[in-house]
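In what follows, a structure is listed as C-alpha coordinates, so that the remarks can point back to it.
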Amino acid sequence: MASRIPVTVAPGDGIGPEIMEATLKVLDAAKAPLDIERIEIGEKLYHEGHSAGIRPEDWESLRKTGLFLKGPITTPRGGGMKSLNVTVRKTLGLFANVRPVKSLAPFVTTKHPILDVIVIRENEEDLYAGIEHQQTDEVVQCLKLITRPGSEKIIRYAFEFARRRKRRKVTCMTKDNIMKLTDGLFHRVFAEISEEYPEIESEHLIVDIGMARMAAAPELFDILVVPNLYGDIVSDITAEISGSVGMGSSANIGDKAAMFEAIHGSAPTIAGKNIANPSGLLRSAVTMLVHTGNGTVAGTIYNAWQRAIEDGIHTVDIYTPMHSRKSVGTQEFADAVIERLGEEPQKLPPVRYEADRPNVIKYNRRSPAKKTLVGVDVFVHWTAGGADELAVMLQTADNERLKLQMISNRGVMVWPEGYPETFCTDHWRCRFYTTKDSQGLSTDDVIGLLGRVADQQLEFIKTEHLYLFDGEPGFSLGQGQ
Ligand code: NAD
(Lines give C-alpha, C1' and ligand atoms only; values in the text may rest on other atoms or scores of the structure.)
Protein backbone atom coordinates (compact mmCIF):
# COMPACT_ATOMS: atom_id res chain seq x y z
CA MET A 1 0.00 0.00 0.00
CA ALA A 2 1.26 3.49 -0.85
CA SER A 3 2.54 5.49 2.14
CA ARG A 4 0.47 8.37 3.41
CA ILE A 5 1.39 11.85 2.24
CA PRO A 6 1.56 14.76 4.67
CA VAL A 7 -0.18 17.84 3.27
CA THR A 8 -0.85 21.27 4.74
CA VAL A 9 -4.44 22.38 4.16
CA ALA A 10 -5.82 25.92 4.58
CA PRO A 11 -9.51 26.57 3.83
CA GLY A 12 -9.01 30.35 3.37
CA ASP A 13 -11.95 32.74 3.61
CA GLY A 14 -15.00 33.84 1.59
CA ILE A 15 -16.21 30.69 -0.20
CA GLY A 16 -12.94 28.95 0.80
CA PRO A 17 -14.23 26.98 3.83
CA GLU A 18 -17.27 25.58 1.98
CA ILE A 19 -15.41 24.52 -1.17
CA MET A 20 -12.61 23.05 0.96
CA GLU A 21 -15.14 21.05 3.00
CA ALA A 22 -16.63 19.69 -0.23
CA THR A 23 -13.21 18.84 -1.64
CA LEU A 24 -11.93 17.10 1.49
CA LYS A 25 -15.17 15.10 1.67
CA VAL A 26 -14.50 13.73 -1.83
CA LEU A 27 -10.80 13.03 -1.11
CA ASP A 28 -11.78 11.19 2.06
CA ALA A 29 -14.47 9.11 0.34
CA ALA A 30 -12.00 8.17 -2.42
CA LYS A 31 -9.49 7.10 0.27
CA ALA A 32 -6.79 9.48 -0.94
CA PRO A 33 -3.79 8.61 1.28
CA LEU A 34 -3.29 12.05 2.83
CA ASP A 35 -2.26 13.09 6.34
CA ILE A 36 -3.74 16.54 6.69
CA GLU A 37 -2.27 19.34 8.82
CA ARG A 38 -4.68 22.26 8.99
CA ILE A 39 -3.55 25.85 9.23
CA GLU A 40 -5.43 29.15 9.09
CA ILE A 41 -4.74 31.84 6.50
CA GLY A 42 -6.42 34.93 5.13
CA GLU A 43 -8.53 37.84 6.25
CA LYS A 44 -8.76 36.90 9.93
CA LEU A 45 -4.97 36.63 10.17
CA TYR A 46 -4.45 39.97 8.43
CA HIS A 47 -6.82 41.56 10.94
CA GLU A 48 -4.85 39.96 13.79
CA GLY A 49 -1.84 41.90 12.50
CA HIS A 50 -0.02 39.21 10.49
CA SER A 51 0.95 41.28 7.44
CA ALA A 52 1.48 38.17 5.26
CA GLY A 53 -1.90 36.60 6.19
CA ILE A 54 -0.32 33.57 7.90
CA ARG A 55 1.05 32.88 11.40
CA PRO A 56 4.87 32.69 11.38
CA GLU A 57 4.82 29.21 13.00
CA ASP A 58 2.68 27.81 10.17
CA TRP A 59 5.57 28.25 7.74
CA GLU A 60 7.07 25.28 9.58
CA SER A 61 4.16 23.08 8.47
CA LEU A 62 4.53 24.26 4.87
CA ARG A 63 8.28 23.70 4.81
CA LYS A 64 7.91 20.27 6.45
CA THR A 65 5.18 18.87 4.19
CA GLY A 66 6.26 20.76 1.04
CA LEU A 67 2.67 20.29 -0.12
CA PHE A 68 -0.08 22.88 0.25
CA LEU A 69 -3.76 22.60 -0.66
CA LYS A 70 -5.00 26.13 -0.36
CA GLY A 71 -8.42 27.77 -0.42
CA PRO A 72 -8.88 31.28 -1.81
CA ILE A 73 -8.40 34.30 0.39
CA THR A 74 -9.51 37.91 0.27
CA THR A 75 -6.48 40.09 -0.40
CA PRO A 76 -6.59 43.25 1.72
CA ARG A 77 -5.94 46.37 -0.33
CA GLY A 78 -3.14 48.79 0.59
CA GLY A 79 -1.94 49.32 4.15
CA GLY A 80 1.35 47.40 3.90
CA MET A 81 -0.39 44.01 3.66
CA LYS A 82 1.29 41.54 1.33
CA SER A 83 -0.51 39.05 -0.90
CA LEU A 84 -0.16 35.63 0.77
CA ASN A 85 -0.27 33.89 -2.60
CA VAL A 86 2.65 35.85 -3.96
CA THR A 87 4.60 35.44 -0.68
CA VAL A 88 4.09 31.65 -0.59
CA ARG A 89 5.01 31.25 -4.26
CA LYS A 90 8.21 33.22 -3.89
CA THR A 91 9.26 31.96 -0.44
CA LEU A 92 8.88 28.31 -1.43
CA GLY A 93 10.38 28.85 -4.91
CA LEU A 94 7.20 27.78 -6.75
CA PHE A 95 8.38 29.05 -10.12
CA ALA A 96 5.81 27.39 -12.39
CA ASN A 97 2.07 28.03 -12.28
CA VAL A 98 0.30 25.42 -14.38
CA ARG A 99 -3.34 26.09 -15.29
CA PRO A 100 -5.03 23.52 -17.51
CA VAL A 101 -8.38 24.40 -19.09
CA LYS A 102 -10.53 22.01 -21.07
CA SER A 103 -13.97 22.42 -22.54
CA LEU A 104 -16.66 20.07 -21.22
CA ALA A 105 -19.05 20.75 -24.09
CA PRO A 106 -21.87 20.02 -24.53
CA PHE A 107 -22.36 19.46 -20.79
CA VAL A 108 -21.04 22.86 -19.77
CA THR A 109 -22.14 25.68 -22.04
CA THR A 110 -19.31 27.34 -23.91
CA LYS A 111 -18.92 29.08 -27.24
CA HIS A 112 -15.70 27.09 -27.63
CA PRO A 113 -16.33 23.34 -27.66
CA ILE A 114 -12.76 22.69 -28.86
CA LEU A 115 -10.64 24.05 -26.06
CA ASP A 116 -7.80 22.15 -24.42
CA VAL A 117 -5.14 24.60 -23.31
CA ILE A 118 -2.52 24.53 -20.57
CA VAL A 119 -1.27 27.92 -19.46
CA ILE A 120 2.18 27.76 -17.89
CA ARG A 121 2.77 31.03 -16.13
CA GLU A 122 6.05 32.28 -14.68
CA ASN A 123 5.28 32.69 -11.01
CA GLU A 124 7.97 34.66 -9.20
CA GLU A 125 8.99 37.75 -11.09
CA ASP A 126 7.79 40.39 -13.59
CA LEU A 127 5.67 43.19 -12.06
CA TYR A 128 4.84 40.79 -9.20
CA ALA A 129 8.31 41.41 -7.73
CA GLY A 130 6.28 43.98 -5.78
CA ILE A 131 8.96 46.71 -5.92
CA GLU A 132 7.01 49.97 -6.15
CA HIS A 133 7.95 53.54 -5.27
CA GLN A 134 6.38 56.97 -5.34
CA GLN A 135 9.13 59.22 -6.63
CA THR A 136 7.51 62.60 -7.18
CA ASP A 137 4.12 64.17 -6.44
CA GLU A 138 2.86 62.97 -9.80
CA VAL A 139 4.69 59.73 -10.52
CA VAL A 140 4.73 56.24 -9.03
CA GLN A 141 6.60 53.32 -10.52
CA CYS A 142 6.56 49.52 -10.39
CA LEU A 143 9.70 47.64 -11.30
CA LYS A 144 9.32 44.93 -13.92
CA LEU A 145 11.99 42.28 -13.34
CA ILE A 146 12.57 39.57 -15.90
CA THR A 147 15.61 37.39 -15.28
CA ARG A 148 17.48 34.86 -17.40
CA PRO A 149 17.28 32.12 -14.72
CA GLY A 150 13.54 32.76 -14.23
CA SER A 151 12.87 32.73 -17.98
CA GLU A 152 15.02 29.68 -18.66
CA LYS A 153 13.42 27.67 -15.85
CA ILE A 154 9.81 28.34 -16.84
CA ILE A 155 10.36 27.94 -20.57
CA ARG A 156 12.30 24.69 -20.15
CA TYR A 157 9.58 23.51 -17.76
CA ALA A 158 6.94 24.22 -20.45
CA PHE A 159 8.83 22.27 -23.14
CA GLU A 160 9.54 19.37 -20.77
CA PHE A 161 5.86 19.34 -19.86
CA ALA A 162 4.89 19.30 -23.54
CA ARG A 163 7.30 16.43 -24.20
CA ARG A 164 6.07 14.32 -21.24
CA ARG A 165 2.42 14.87 -22.16
CA LYS A 166 3.05 14.46 -25.89
CA ARG A 167 1.55 17.88 -26.67
CA ARG A 168 2.13 19.36 -30.10
CA LYS A 169 2.85 23.07 -29.69
CA VAL A 170 4.17 25.67 -27.24
CA THR A 171 3.18 29.31 -27.76
CA CYS A 172 4.98 32.19 -26.06
CA MET A 173 3.35 35.62 -25.68
CA THR A 174 5.21 38.82 -24.83
CA LYS A 175 5.11 42.52 -25.61
CA ASP A 176 8.69 42.71 -26.82
CA ASN A 177 7.87 45.18 -29.57
CA ILE A 178 7.58 47.71 -26.71
CA MET A 179 9.56 46.20 -23.80
CA LYS A 180 12.58 45.21 -25.82
CA LEU A 181 14.87 44.39 -22.93
CA THR A 182 12.55 42.69 -20.41
CA ASP A 183 10.03 40.91 -22.64
CA GLY A 184 12.79 40.76 -25.26
CA LEU A 185 14.85 38.55 -22.92
CA PHE A 186 11.89 36.21 -22.32
CA HIS A 187 11.29 35.91 -26.07
CA ARG A 188 14.98 35.37 -26.81
CA VAL A 189 15.28 32.62 -24.21
CA PHE A 190 12.13 31.02 -25.68
CA ALA A 191 13.72 31.01 -29.14
CA GLU A 192 16.95 29.50 -27.75
CA ILE A 193 15.28 26.73 -25.74
CA SER A 194 12.73 25.83 -28.43
CA GLU A 195 15.64 24.64 -30.59
CA GLU A 196 16.34 21.88 -28.07
CA TYR A 197 12.84 20.47 -28.69
CA PRO A 198 12.60 20.14 -32.50
CA GLU A 199 9.66 17.70 -32.31
CA ILE A 200 7.48 20.37 -30.64
CA GLU A 201 6.13 23.24 -32.73
CA SER A 202 6.88 26.65 -31.24
CA GLU A 203 5.50 30.11 -31.97
CA HIS A 204 5.65 33.58 -30.51
CA LEU A 205 2.79 36.09 -30.55
CA ILE A 206 2.57 39.65 -29.33
CA VAL A 207 0.43 39.34 -26.21
CA ASP A 208 -2.41 41.69 -27.23
CA ILE A 209 -3.29 39.86 -30.41
CA GLY A 210 -2.40 36.56 -28.74
CA MET A 211 -4.97 37.04 -25.99
CA ALA A 212 -7.56 38.31 -28.49
CA ARG A 213 -7.09 35.11 -30.49
CA MET A 214 -7.33 33.04 -27.33
CA ALA A 215 -10.71 34.64 -26.58
CA ALA A 216 -11.94 34.17 -30.17
CA ALA A 217 -10.34 30.89 -31.26
CA PRO A 218 -8.80 28.90 -28.37
CA GLU A 219 -8.59 25.82 -30.58
CA LEU A 220 -5.47 27.43 -32.12
CA PHE A 221 -3.56 26.91 -28.88
CA ASP A 222 -2.10 23.98 -27.01
CA ILE A 223 0.47 24.99 -24.35
CA LEU A 224 1.17 28.61 -23.51
CA VAL A 225 4.25 29.87 -21.69
CA VAL A 226 4.04 33.46 -20.50
CA PRO A 227 5.50 35.97 -18.04
CA ASN A 228 3.65 36.37 -14.75
CA LEU A 229 1.13 39.18 -15.40
CA TYR A 230 0.11 38.04 -18.89
CA GLY A 231 -0.29 34.52 -17.47
CA ASP A 232 -2.61 35.77 -14.75
CA ILE A 233 -4.85 37.47 -17.32
CA VAL A 234 -4.80 34.86 -20.08
CA SER A 235 -5.52 31.97 -17.70
CA ASP A 236 -8.63 33.73 -16.36
CA ILE A 237 -9.78 34.44 -19.92
CA THR A 238 -9.25 30.81 -20.86
CA ALA A 239 -11.07 29.47 -17.78
CA GLU A 240 -13.99 31.88 -18.22
CA ILE A 241 -14.56 31.05 -21.91
CA SER A 242 -14.52 27.34 -21.07
CA GLY A 243 -17.69 27.81 -19.00
CA SER A 244 -16.90 29.21 -15.56
CA VAL A 245 -13.95 30.65 -13.74
CA GLY A 246 -15.16 28.46 -10.85
CA MET A 247 -13.85 25.34 -12.63
CA GLY A 248 -10.23 26.45 -13.15
CA SER A 249 -7.47 24.68 -11.23
CA SER A 250 -3.86 25.57 -10.73
CA ALA A 251 -0.65 23.92 -9.59
CA ASN A 252 2.25 26.00 -8.33
CA ILE A 253 5.32 23.87 -8.75
CA GLY A 254 8.82 24.31 -7.32
CA ASP A 255 11.83 22.03 -6.96
CA LYS A 256 11.13 21.37 -3.27
CA ALA A 257 7.47 22.23 -2.71
CA ALA A 258 4.14 22.62 -4.50
CA MET A 259 0.88 24.45 -3.85
CA PHE A 260 -2.50 23.61 -5.36
CA GLU A 261 -5.41 26.04 -5.49
CA ALA A 262 -8.39 27.08 -7.60
CA ILE A 263 -7.70 29.98 -9.92
CA HIS A 264 -10.69 31.97 -8.69
CA GLY A 265 -10.74 34.20 -5.63
CA SER A 266 -12.79 34.22 -2.42
CA ALA A 267 -16.00 35.37 -4.20
CA PRO A 268 -17.24 37.25 -1.09
CA THR A 269 -20.67 38.04 -2.57
CA ILE A 270 -21.65 34.37 -2.71
CA ALA A 271 -19.80 33.22 0.44
CA GLY A 272 -21.71 31.21 3.06
CA LYS A 273 -24.61 30.44 0.69
CA ASN A 274 -23.59 26.91 -0.32
CA ILE A 275 -23.80 27.84 -4.00
CA ALA A 276 -20.11 28.07 -5.01
CA ASN A 277 -18.73 25.56 -7.46
CA PRO A 278 -16.06 23.46 -5.70
CA SER A 279 -14.72 22.09 -9.01
CA GLY A 280 -11.69 24.40 -9.28
CA LEU A 281 -10.38 23.32 -5.88
CA LEU A 282 -11.34 19.67 -6.39
CA ARG A 283 -9.49 19.55 -9.73
CA SER A 284 -6.49 21.20 -8.05
CA ALA A 285 -6.56 18.43 -5.41
CA VAL A 286 -6.63 15.85 -8.22
CA THR A 287 -3.50 17.43 -9.73
CA MET A 288 -1.90 17.28 -6.28
CA LEU A 289 -2.60 13.54 -6.12
CA VAL A 290 -1.04 13.02 -9.55
CA HIS A 291 1.96 15.11 -8.49
CA THR A 292 2.47 12.90 -5.42
CA GLY A 293 2.33 9.68 -7.41
CA ASN A 294 -1.30 8.79 -6.65
CA GLY A 295 -2.52 8.73 -10.23
CA THR A 296 -5.03 5.93 -9.69
CA VAL A 297 -7.07 7.64 -6.98
CA ALA A 298 -6.70 10.95 -8.87
CA GLY A 299 -8.21 9.32 -11.97
CA THR A 300 -11.06 7.79 -9.94
CA ILE A 301 -12.02 11.22 -8.58
CA TYR A 302 -11.64 13.01 -11.91
CA ASN A 303 -13.74 10.46 -13.77
CA ALA A 304 -16.47 10.61 -11.10
CA TRP A 305 -16.40 14.40 -11.33
CA GLN A 306 -16.72 14.26 -15.14
CA ARG A 307 -19.59 11.80 -14.75
CA ALA A 308 -21.43 14.14 -12.35
CA ILE A 309 -21.00 17.01 -14.83
CA GLU A 310 -22.14 14.77 -17.68
CA ASP A 311 -25.19 13.69 -15.67
CA GLY A 312 -26.21 17.35 -15.52
CA ILE A 313 -25.63 17.78 -11.77
CA HIS A 314 -24.59 21.41 -11.83
CA THR A 315 -23.92 24.27 -9.46
CA VAL A 316 -25.68 27.48 -10.35
CA ASP A 317 -22.69 29.08 -12.16
CA ILE A 318 -22.85 26.45 -14.90
CA TYR A 319 -26.57 25.64 -14.71
CA THR A 320 -28.53 25.98 -17.97
CA PRO A 321 -31.99 24.49 -18.54
CA MET A 322 -30.77 22.89 -21.78
CA HIS A 323 -27.74 21.00 -20.42
CA SER A 324 -28.40 20.65 -16.70
CA ARG A 325 -30.64 18.13 -14.98
CA LYS A 326 -30.42 19.34 -11.40
CA SER A 327 -29.21 22.55 -9.77
CA VAL A 328 -27.29 21.67 -6.63
CA GLY A 329 -25.41 23.41 -3.85
CA THR A 330 -21.70 23.08 -3.08
CA GLN A 331 -22.02 20.13 -0.68
CA GLU A 332 -24.64 18.31 -2.77
CA PHE A 333 -22.33 18.54 -5.78
CA ALA A 334 -19.57 16.89 -3.72
CA ASP A 335 -22.05 14.18 -2.67
CA ALA A 336 -22.92 13.60 -6.34
CA VAL A 337 -19.21 13.10 -7.14
CA ILE A 338 -18.87 10.69 -4.19
CA GLU A 339 -21.88 8.66 -5.40
CA ARG A 340 -20.11 8.23 -8.76
CA LEU A 341 -16.69 7.17 -7.47
CA GLY A 342 -15.75 4.09 -9.49
CA GLU A 343 -17.83 5.17 -12.49
CA GLU A 344 -16.49 6.63 -15.71
CA PRO A 345 -17.92 9.33 -17.94
CA GLN A 346 -19.79 7.99 -20.95
CA LYS A 347 -19.24 10.76 -23.47
CA LEU A 348 -16.30 12.77 -22.13
CA PRO A 349 -13.00 10.90 -22.44
CA PRO A 350 -12.10 9.11 -19.18
CA VAL A 351 -8.66 9.95 -17.81
CA ARG A 352 -5.80 7.61 -16.87
CA TYR A 353 -3.07 9.38 -14.94
CA GLU A 354 0.49 8.31 -14.69
CA ALA A 355 2.69 9.60 -11.91
CA ASP A 356 3.91 12.96 -13.14
CA ARG A 357 6.70 14.29 -11.00
CA PRO A 358 8.50 16.84 -13.17
CA ASN A 359 12.29 16.79 -13.49
CA VAL A 360 14.18 19.33 -11.44
CA ILE A 361 15.04 22.11 -13.87
CA LYS A 362 18.64 23.20 -13.37
CA TYR A 363 20.00 26.59 -14.27
CA ASN A 364 23.63 26.84 -15.33
CA ARG A 365 24.95 30.36 -14.84
CA ARG A 366 26.85 31.63 -17.90
CA SER A 367 30.23 33.30 -17.71
CA PRO A 368 29.75 37.03 -17.11
CA ALA A 369 29.79 39.51 -20.00
CA LYS A 370 32.27 42.38 -20.24
CA LYS A 371 30.38 45.23 -18.59
CA THR A 372 31.30 48.84 -19.44
CA LEU A 373 29.74 51.84 -17.68
CA VAL A 374 28.99 54.45 -20.37
CA GLY A 375 26.53 56.80 -18.73
CA VAL A 376 23.89 57.42 -16.13
CA ASP A 377 20.21 58.35 -16.19
CA VAL A 378 19.56 60.87 -13.41
CA PHE A 379 15.85 61.17 -12.56
CA VAL A 380 14.90 64.62 -11.31
CA HIS A 381 11.76 65.90 -9.53
CA TRP A 382 11.24 69.35 -11.03
CA THR A 383 8.34 71.73 -11.70
CA ALA A 384 10.05 75.11 -12.19
CA GLY A 385 9.92 75.14 -15.98
CA GLY A 386 10.19 73.18 -19.20
CA ALA A 387 12.84 70.91 -20.68
CA ASP A 388 14.95 73.70 -22.15
CA GLU A 389 15.32 75.48 -18.79
CA LEU A 390 16.13 72.18 -17.07
CA ALA A 391 18.75 71.42 -19.73
CA VAL A 392 20.50 74.77 -19.15
CA MET A 393 20.83 73.97 -15.43
CA LEU A 394 21.96 70.40 -16.02
CA GLN A 395 24.57 71.35 -18.61
CA THR A 396 26.48 73.17 -15.90
CA ALA A 397 27.11 69.65 -14.50
CA ASP A 398 28.77 68.47 -17.73
CA ASN A 399 32.51 67.82 -17.70
CA GLU A 400 35.00 66.45 -20.21
CA ARG A 401 34.02 62.81 -19.43
CA LEU A 402 30.21 63.01 -19.10
CA LYS A 403 27.75 65.26 -20.92
CA LEU A 404 23.98 65.73 -20.89
CA GLN A 405 22.76 63.83 -23.96
CA MET A 406 18.99 63.77 -23.67
CA ILE A 407 16.03 64.53 -21.40
CA SER A 408 12.82 62.54 -21.57
CA ASN A 409 9.51 62.75 -19.74
CA ARG A 410 7.47 59.54 -19.37
CA GLY A 411 9.94 58.01 -21.84
CA VAL A 412 9.43 60.60 -24.61
CA MET A 413 12.44 62.71 -25.58
CA VAL A 414 11.76 66.38 -24.86
CA TRP A 415 15.32 67.73 -25.21
CA PRO A 416 17.41 68.46 -27.33
CA GLU A 417 14.47 68.10 -29.67
CA GLY A 418 10.90 67.84 -28.59
CA TYR A 419 7.39 68.94 -29.42
CA PRO A 420 5.39 71.55 -27.53
CA GLU A 421 2.38 69.19 -27.61
CA THR A 422 4.12 66.62 -25.36
CA PHE A 423 2.65 66.74 -21.86
CA CYS A 424 5.30 66.76 -19.14
CA THR A 425 4.96 65.60 -15.54
CA ASP A 426 7.24 66.53 -12.65
CA HIS A 427 9.47 63.46 -13.30
CA TRP A 428 12.38 63.97 -15.73
CA ARG A 429 14.88 61.38 -16.94
CA CYS A 430 18.16 63.17 -17.69
CA ARG A 431 20.70 61.06 -19.58
CA PHE A 432 24.37 61.84 -19.16
CA TYR A 433 26.59 59.91 -21.56
CA THR A 434 30.32 59.34 -21.75
CA THR A 435 32.38 61.36 -24.16
CA LYS A 436 34.99 58.57 -24.16
CA ASP A 437 33.17 55.53 -25.47
CA SER A 438 36.01 53.05 -25.44
CA GLN A 439 37.25 53.58 -21.88
CA GLY A 440 34.13 53.47 -19.78
CA LEU A 441 33.35 55.47 -16.66
CA SER A 442 33.94 54.84 -12.98
CA THR A 443 31.66 55.15 -9.95
CA ASP A 444 33.60 58.30 -9.04
CA ASP A 445 32.46 59.88 -12.33
CA VAL A 446 28.84 59.25 -11.33
CA ILE A 447 29.27 60.46 -7.76
CA GLY A 448 30.99 63.62 -9.02
CA LEU A 449 28.16 64.24 -11.49
CA LEU A 450 25.49 63.84 -8.80
CA GLY A 451 27.35 66.31 -6.59
CA ARG A 452 27.31 68.88 -9.40
CA VAL A 453 23.59 68.26 -10.08
CA ALA A 454 22.83 68.75 -6.37
CA ASP A 455 24.85 72.01 -6.43
CA GLN A 456 22.22 73.31 -8.87
CA GLN A 457 19.56 72.72 -6.16
CA LEU A 458 18.04 70.04 -8.40
CA GLU A 459 16.39 67.16 -6.52
CA PHE A 460 17.54 63.86 -8.04
CA ILE A 461 15.33 61.02 -6.91
CA LYS A 462 17.03 58.03 -8.48
CA THR A 463 19.72 56.99 -10.93
CA GLU A 464 20.13 54.11 -13.34
CA HIS A 465 23.58 53.20 -14.62
CA LEU A 466 23.95 52.68 -18.36
CA TYR A 467 26.10 49.69 -19.23
CA LEU A 468 27.28 47.98 -22.37
CA PHE A 469 27.33 44.18 -22.04
CA ASP A 470 29.93 42.77 -24.44
CA GLY A 471 29.51 45.99 -26.39
CA GLU A 472 25.69 45.79 -26.61
CA PRO A 473 23.64 48.54 -24.91
CA GLY A 474 21.83 47.31 -21.78
CA PHE A 475 19.36 50.21 -21.84
CA SER A 476 16.58 51.52 -24.05
CA LEU A 477 16.66 54.75 -26.04
CA GLY A 478 14.22 57.57 -25.36
CA GLN A 479 11.17 57.52 -27.67
CA GLY A 480 12.13 59.86 -30.49
CA GLN A 481 15.86 59.61 -29.71
P1 NAD B 1 -13.34 36.00 -7.71
O2 NAD B 1 -12.64 34.96 -8.49
O3 NAD B 1 -13.45 35.79 -6.24
O4 NAD B 1 -14.81 36.20 -8.31
C5 NAD B 1 -15.03 36.57 -9.67
C6 NAD B 1 -16.45 36.16 -10.09
O7 NAD B 1 -16.51 34.73 -10.24
C8 NAD B 1 -17.52 36.51 -9.05
O9 NAD B 1 -18.70 36.79 -9.74
C10 NAD B 1 -17.69 35.23 -8.27
O11 NAD B 1 -18.95 35.11 -7.66
C12 NAD B 1 -17.47 34.16 -9.36
N13 NAD B 1 -16.86 32.96 -8.79
C14 NAD B 1 -15.59 32.81 -8.36
N15 NAD B 1 -15.39 31.57 -7.90
C16 NAD B 1 -16.56 30.91 -8.05
C17 NAD B 1 -16.98 29.58 -7.74
N18 NAD B 1 -16.14 28.70 -7.20
N19 NAD B 1 -18.24 29.24 -8.02
C20 NAD B 1 -19.09 30.11 -8.58
N21 NAD B 1 -18.76 31.39 -8.89
C22 NAD B 1 -17.50 31.78 -8.62
O23 NAD B 1 -12.58 37.37 -8.02
P24 NAD B 1 -12.72 38.81 -7.33
O25 NAD B 1 -14.16 39.08 -7.00
O26 NAD B 1 -11.99 39.71 -8.22
O27 NAD B 1 -11.88 38.69 -5.99
C28 NAD B 1 -12.43 38.48 -4.71
C29 NAD B 1 -11.28 38.41 -3.70
O30 NAD B 1 -10.48 37.25 -3.95
C31 NAD B 1 -10.32 39.60 -3.79
O32 NAD B 1 -9.93 39.97 -2.48
C33 NAD B 1 -9.13 39.05 -4.54
O34 NAD B 1 -7.93 39.72 -4.24
C35 NAD B 1 -9.10 37.62 -4.03
N36 NAD B 1 -8.43 36.66 -4.92
C37 NAD B 1 -7.80 35.64 -4.30
C38 NAD B 1 -7.21 34.65 -5.06
C39 NAD B 1 -6.56 33.53 -4.34
O40 NAD B 1 -6.64 33.43 -3.12
N41 NAD B 1 -5.88 32.63 -5.03
C42 NAD B 1 -7.26 34.69 -6.46
C43 NAD B 1 -7.95 35.74 -7.08
C44 NAD B 1 -8.54 36.73 -6.30
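The combined condition, being modelled with pLDDT of 90 or more, within 10 Å of the ligand (Cβ to nearest atom) and outside the structural domain of Asp232 (by TED's automatic domain parsing), is fulfilled by Glu18. Among the candidates Gly418, Gly411, the residue that is buried (at least 16 other Cβ atoms within 10 Å of the Cβ), over 30 Å from Phe161 (Cα atoms), at pLDDT below 95 and of a type in the set (Gly, Ala, Ser) is uniquely Gly418. Just to be sure before I move on: is Gly375 out of contact with any helix residue (DSSP H, G or I) (no Cβ under 6 Å at 6 or more places or on another chain), surrounded by fewer than 22 Cβ atoms within 10 Å (Cβ to Cβ) and assigned by TED's automatic domain parsing to the domain that holds Ser442 in the structure I sent? No, not satisfied. Only one of Gly280, Gly295 is more than 15 Å from the ligand (Cβ to nearest atom) and small (Gly, Ala, Ser). Can you tell me which? That would be Gly295, the only listed residue that is more than 15 Å from the ligand (Cβ to nearest atom) and small (Gly, Ala, Ser).
Exactly one condition in (1) buried (at least 16 other Cβ atoms within 10 Å of the Cβ); (2) farther than 26 Å from Lys273 by Cα; (3) not basic (Lys, Arg) is false for Glu60; which is it? All conditions pass for Glu60, except number (1). Evaluating Lys90 against the criteria (1) of a type outside the set (A, V, I, L, M, F, W, C); (2) closer than 25 Å to Ile36 by Cα; (3) within 12 Å of the ligand (Cβ to nearest atom) leaves one unmet condition, (3).
Here Lys326 meets the list (1) within 27 Å of Ala217 (Cα to Cα); (2) more than 16 Å from the ligand (Cβ to nearest atom); (3) in contact with a His (Cβ under 8 Å, 6 or more places away or on another chain) almost entirely, failing just condition (1). Within the stretch 1-15, being closer than 25 Å to Ser83 by Cα and either within 16 Å of the ligand (Cβ to nearest atom) or in contact with a Pro (Cβ under 9 Å, 6 or more places away or on another chain) (or both) holds for Thr8, Val9, Ala10, Pro11, Gly12, Asp13, Gly14, Ile15. Figure legend. Inter-residue proximity from the stretch 242-257: first residues in contact (Cβ under 8 Å) with a residue 60 or more places away in the chain, second residues of a type in the set (Val, Ile, Thr) and near the ligand (Cβ under 9 Å from one of its atoms), beta-carbon distance below 6 Å, spacing 6+ or different chains. Indicated pairs: Gly243/Ile318; Ser244/Ile318; Gly248/Ile263; Ser250/Ile263. Residue-level analysis places Glu138 among those that are assigned to a loop (DSSP other than H, G, I, E, B) and touching a strand residue (DSSP E or B) at 6+ places or on another chain (Cβ under 7 Å). Of all the criteria given as (1) at pLDDT below 95; (2) buried (at least 20 other Cβ atoms within 10 Å of the Cβ); (3) more than 16 Å from the ligand (Cβ to nearest atom), the one not satisfied by Leu84 is (3). Here the strands (runs of 3 or more DSSP E) wholly within the stretch 399-475 that include at least 3 residues being charged (D, E, K, R) are 459-469.
Considered as a group, the residues in the stretch 283-292 that are away from the ligand (no atom under 16 Å from the Cβ) and hydrophobic (A, V, I, L, M, F, W, C) include one that is surrounded by the fewest Cβ atoms within 10 Å (Cβ to Cβ), and that residue is Val290. The set of residues from the stretch 247-277 being within 12 Å of Glu18 (Cβ to Cβ), within 9 Å of the ligand (Cβ to nearest atom) and touching an Asp or Glu at 6+ places or on another chain (Cβ under 7 Å) comprises Ser266, Ala276, Asn277. Here Gly448 does not fit the description of being in contact with a strand residue (DSSP E or B) (Cβ under 7 Å, 6 or more places away or on another chain) and of a type in the set (Gly, Ala, Ser).
Out of Leu127, Leu115, Leu104, I need the residue that is within 16 Å of the ligand (Cβ to nearest atom) and crowded, with 19+ Cβ neighbours inside 10 Å. Which one? Just one listed residue meets the conditions, Leu104. Residues that are among the small types (Gly, Ala, Ser), within 16 Å of the ligand (Cβ to nearest atom) and at pLDDT 95 or above within the stretch 21-42 comprise just one, Ala22. All conditions in (1) in a loop (DSSP other than H, G, I, E, B); (2) closer than 28 Å to Val286 by Cα; (3) over 21 Å from the mean Cα position of the chain (by Cα) hold for Gly49, with the sole exception of (2). For the stretch 273-284, residues that are assigned to a helix (DSSP H, G or I) and of a type in the set (Lys, Arg) total 1. Scanning the stretch 200-218 for residues that are within 16 Å of the ligand (Cβ to nearest atom) and in contact with an Asp or Glu (Cβ under 8 Å, 6 or more places away or on another chain) turns up nothing.
May I ask you to verify whether Thr296 is outside any loop (DSSP other than H, G, I, E, B) and surrounded by fewer than 18 Cβ atoms within 10 Å (Cβ to Cβ)? Considered against the rule, which asks whether it is outside any loop (DSSP other than H, G, I, E, B) and surrounded by fewer than 18 Cβ atoms within 10 Å (Cβ to Cβ), Thr296 comes out as yes. Restricting attention to the stretch 8-39, the residues being part of a loop (DSSP other than H, G, I, E, B) and over 24 Å from the mean Cα position of the chain (by Cα) number 5.
The values are calculated or read from the model by the stated rules, or taken from the named source; none is laboratory data. Because the structure is a prediction, the values reported are computed rather than measured. Because the Cβ atoms are built from the backbone with ideal geometry, glycine has one as well, and the counts that use them run over all protein chains shown.
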